[in-house]
Structure formats: structure tokens, C-alpha cells
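Rule-based calculations on the coordinates, nothing more; no lab input. These figures come from a predicted structure and were not determined experimentally. A quick note on method: Cβ atoms are made from the backbone with ideal geometry, for glycine too, and the neighbour counts reach across all protein chains shown.
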Amino acid sequence: MLHSMRETIGMNKRAIGIWWRESPGMLVELIFYVITGAVLPYAGIYFSAQIITELAGAKNPVVLRNLVLLLLGIESLLGLIYHYFKNRYTVERNRMLEKLRYILSEKMLSLDFEKVDDAVIQDKVLQIEQINRWSRFGLCMVVFTLERMLQAIAGIAGALMLTVSFFQAKAVKSAFLWMNSPLFAIVFLAGILGFTTLASRIVERAQNMIAELSERATFGNRVWSFMAGMAGEREREQDIRVYEQIPAAMGLYEKNKVWGIGTEMDRLEKGKVGVLAAAANMTERLCSGLVYLLVCLKAYGGAFGIGAVTQYIGAVTALSHNLEEFLGAIGEVNTNREFLKKTFDFLDTPNDMYQGSLTVEKRNDCQYEVEFKDVSFCYPGTDRKVLDHVNLKFRIGEKLAIVGENGSGKSTFIKLLCRLYDPTEGEILLNGINIKKYKYKEYMSVFSVVFQDFKLFALPLGQNVAASTEYDADKVQECLKLAGFDVHSDRMKKGLDTWLYKDCDADGVNISGGEEQKIALARALYQNAAFLILDEPTAALDPIAEAEVYSSFNEIVGDRTAVYISHRLSSCRFCDEIVVFDRGRIVQQGTHEELVEQTNCKYYELWSAQAKYYA
């Protein structure tokens, strides 16, 4: 139990530290807003009691005037400060979900690609986002709970200051002298504490019942997010209409939804949770009734006047309410513990890939030599070799084509070359040195890649090519020209400042798959890296555009080493050498003319299967 409490406190301290780093202003504004918010009602209670006492007694107009002016002045000043900081805090608090996404994205971007590519890690992130979206449990709940707890502590402090004199006041009538005993004060406070503890425990139980639905609610929310979002996704529009997918998605949502009439949440709210909420409310009312009764009895016993009754009822009721809020906040902390664990479990995901320490030599002549030495690779969690004892040396300035059937290991080969993964066996050398020894980011800078599943950004054309907000416009124009993209077309009215897609700009241009591929190729050229890797770079191009790319391939690549992956074997003829993969092994290597003569081998089989359709 003690260990669990320490762990809970530690996690909440860490969470507050994260929010202090991400949004220090929010926490400062919270403190000011809570303090002024706590003092504000008690100022009204205190001065109202003084005014009523004066009206019931001497009725001195000067005293009444001063009391009213003091009340107005203090409440106006405190109200101004309170609302100023509350509004600022509310704006910051409403941005928490956005900042949580930033925290999660920052962690994802810092992880090894192997971890990012892991479905388990992806699911953890999705769960954290979905939980925060439907219930705010996790990092966001820490701020809500802190707000509630600080308000309760400030409220308790203010209530106690106004309540002390209630116990000091002495009843004068003999029938009420027992209320002057210290035991009365102990029993009175114990009763309030008992009622508030009971009410808070009832609320905590109801909250836990709702929290137990988190797994179902997370999945239901995921289905709803997909269903609501897919109708607006450009890539899905045609399939949605042709195959009428909306009813299918709606059916999936109806089957798994958590909210609405007849759902599990509905049954809970009408059943157990509703009963518990009513019981908690009844307990609060009983506590308030007890306060009214005992305060009025002591006033009737002659301990204080009618003005003080207003003060003490307000103060003691506020004490009870804030005690309940404090205990409720502790309950929230306990309920939130498991959700915080999930968040920190992801944020504490370690990086296992060695980052290296050697500097990669900067060479203007692009004289970099890469060699695969007996490299094998299995994806994490499996023992199947996707690459099996691969040996290959890249000759500097060579145009190398890699071909093979789907699943033969071509894309995995590229991932290892770019060090997105490390080999399971063997080693990869850059200029004779194991690539693990080089600084990771510097090694990555040696490669420009157009991946098969590349993505462009909803940003201006120039920024897409440069992958930066600052760029050399002439260089961007030259790269687009080499890639065969017409930046001066009628659709590109703003040239390099034309926004792609309509996600961020209503005047953005939706472009075809072929145009996207050309821009991606231009982006790879702009980086001017020593190795140019093209994974199916012309798959979305029409035959004429494809032929243009092939005819200018040497001009595009220049003196760089190029690795070209394609399923279209006819497109590999212009490469210096072709490497044939089959079931994770290199089974053939040579020029097109050499390989096509080997009629009983894999390349001839692949070539013949395609060539017969063009005969």
C-alpha cells in the first residue's frame, strides 16, 4: 500500500513537471486563480455577516457605509484578478489535448524506427489519445485534479479561519452549555468529516465504474473517429461511394458504441452510477442539514447574533464542501493511476539502437562505398529470415537495380541500408567501417530516398521539395524540372508558393499520384545526398512520363550512386547492374543482357512473365 502511494505521488509529480515544462504559464495562472477564487466567497460571507449584525444592532450609518464600500471594493478587486487569471488558465487548459499530442509526437519522433514501426507501440499511443479524448484520464487529468485539490485546500483554509470563532463563542443558556465543551467541537468536526468522506467514497466508486469502461470506450471512440473521418478523406471518396462503405462503418459503430440510449454507459447512468450519485447527493444534504441545525442551536443558546449565523453556516457548509472536494480529488488520483502508468510506459520506451560517435567524412565527390557482409535480418518477434546471408558491394557512381517478387526482401534491404533497422547477423560497412559506429543522423544524411509509400505535406510546393520553410528557390525549380514536374502550369498559379491539398488552404491544389511522385523525386534530388534510393519511383506515372524519367535518368542521378527498386523489369535496362532477390537471398547479379540469357533462372522467369504482354 505504501509502495503504491509512493508510486502514485511520484507519477503525479512527474506529470506536473511535464506540464510545467510544456506550459508553465498555465500552472502559474492556476495558482493565482485558485487563491483569489478561494478568498472571494469568504470576503462576501464575512462582510455580509458584519452588515447584518450592524443592522440588527446599532444601525450606525457610517459603519454600514464603510462595510458596504469595503465589501464592494474587495469583491471588485478580487473578482477582477480572479476572472483575469481564470480566463487565461482556461485558454491554456483547453489546449492541453493539443499539447499532449505534441508530447506524444515528440516521443515518437525520438524513438528508433524499429519501435515506431512496432504495432504494440502504435497501439499504446492510440490508446493514450483515445482515453484522453473521451475522459481526459492520464496526463490531462493530473491538471484537472490539481485544480480541484488546490481549490479544496484554499477553501478549507478560508473556511477554518471563519469557523474558529464558532467554537470559541460560548452559549449562555443552561440547556445549551454542552455546546461549549471541546468534545462538541471534536464530534461536530468528526461528523462533517464522516459525511464528506462517505460522499466522496460513493462518488469515487461511481467514477471507478465508468473508468472500467475505458477499454470499450477507447475502441468505440476509435471506431467513431475512423467513421467520422473517412468520409472526408480524399483517398477514400471513390471507394466509399462505389462500395457504400458508410452503412458498413455505421453498423460497426452501432455494435461497439458506448454512449447513447441502450448502451452500457446508459445502463450504468440509469442504474448503479445513478443510484450512487443520488446517495452521494443525499449524504451532502444531510451534512448541510446537520450544520444548519447545530449553528442555529448555538445561536439560540446565546453564543452569537443573527449576523454570525450567516457567517458560520456559510463557512461550515463551505468547509464540508471543500473537504468533500479534497477527498474526491484524492479519489481521482487513485482512479487515474493506471492511466498514468500507461502514459509513462510509452514515454519511458527506451531506444536500443546505438547512435554511434564517429563523424561521417564530408565529401563533395560523393566517393562513398557501402558493403553488405553476410547480412541476415529477422523482424522483431519473429525468427523468419527476411534477408538471408546477403553479400553485396556498391561500386561508387553505379546505377544499381534491385528486382524480385513481393516479399523477396527488397524493401527490407533498403531499410537496413538506411539504418532504419540493424542487421540480426553480419554487418554493413561505409568506407570500410561498420555503419553502427557513425553518428546516426550524419549517416542518414548520406541518403536521399523516395520510399514506395512516401508522403507529401499540406504545405507550399517549395517547402515540400526542400522539406524546410527556408529554401533555395532556384535549386527547387531545377530539381522539379529534372523530375519532370511543370511548376509553371496553369494550376500552379503561385509557383513554389502554391499550397498542396486543401487541408490548410482553401485554395490549395489537389494533385495526381503521378505529380506526387515527381515532387517526391524532386525532394530526394534537392537533398543532394551521395546515395539516391528510388523505390518504385515511376509506379504512378503514365508511360510517356515514365519514358522521360528513364531517358534523363543519368542526368537526374549525376555522379551519385543510385539504387533503383522496381517491379517493371523493362525499366531496369538502363542500370549498370541488376541484383535479383528471391526469398531473402541474392540469387543473380549482372546486366540485363547477361541475366536474360540465363533461361533457367529467376530473372528470366520474371522477365518472360512481363514481356509476353508486350509481345
Give me the angle, in degrees from 0 to 90, between the Cα long axis of helix 2-22 and the longest principal axis of the Cα atoms of the chain, rounded to the nearest 10.
70 degrees
Length-normalised contact order of the chain in % [C-alpha pairs under 8 Å, at least 6 apart]
14 percent
Mind checking the dipole of the chain: about its Cα centre, +1 per Lys or Arg Cβ, -1 per Asp or Glu Cβ, Debye to the nearest 20?
3300 debye
Report the FRET efficiency, 1/(1 + (r/R0)^6), for VAL587 and GLU478, where r is their Cβ-Cβ distance and R0 is 30 Å, rounded to 0.05.
0.15
With runs of 4+ DSSP H residues as the only contributors, calculate the mean residue ellipticity of the chain at 222 nm using -39,500 (n - 2.57) per run, divided by the residue total and rounded to the nearest 500.
-20000 deg cm²/dmol
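What ranking of TRP178, TRP607, TRP19 emerges when the number of other C-beta atoms within 10 Å of each C-beta is taken as an exposure proxy, fewest first?
Ascending Cβ contact count within 10 Å gives the list TRP178, TRP607, TRP19.
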Debye sum, Cα scatterers, the chain, no solvent: what log₁₀ I/I(0) at q = 0.06, 0.08, 0.09 1/Å?
-0.54, -0.80, -0.92
Rg to Rh quotient for the stretch 575-615, alpha carbon positions, Kirkwood Rh
0.97
Inter-site label distance for VAL275 and GLU371 at 7 Å from Cα along Cβ, in nm:
7.7 nm
Extension gain from THR424 to ASN600, taking 0.36 nm per residue of separation minus the Cα-Cα distance:
60.2 nm
For the chain, longest principal axis from Cα atoms; helix 61-94 axis from its Cα atoms; angle between them, nearest 10 degrees, is 20 degrees
Between ILE433 and MET209, what is the FRET efficiency for a Förster distance of 56 Å, r being their Cβ-Cβ separation, to the nearest 0.05?
0.40
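I need the shape label for the stretch 15-105. Rule: rounded when a/c is under 1.5, else prolate if a/b > b/c, else oblate, with a, b, c from the alpha carbon gyration tensor.
Verdict is prolate for the stretch 15-105.
Assuming 0.36 nm per residue, please report the length gained on full extension of the stretch ARG395 to VAL187 beyond their Cα-Cα distance.
Extra length from ARG395 to VAL187 when fully extended: 65.9 nm.
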Roughly what would the spin-label model give for GLU442 and ASN554, points 7 Å off Cα along C-beta, in nm?
3.5 nm
Between LYS170 and LEU70, what is the FRET efficiency for a Förster distance of 30 Å, r being their Cβ-Cβ separation, to the nearest 0.05?
0.60
When the Cα centres of the stretch 303-361 and the stretch 419-490 are compared, how far apart do they sit, in Å?
45 Å
Principal axis lengths of the stretch 448-541 from Cα atoms, whole Å, largest first?
36, 27, 21
Quarter of the Cα convex hull surface for the stretch 1-56, i.e. its orientation-mean projected area (nm²)
6.2 nm²
Are any of the pairs LYS86/LYS341; LYS415/LYS437; LYS437/LYS475 more than 21 Å apart by Cα-Cα distance, and if so, which?
LYS86/LYS341; LYS437/LYS475
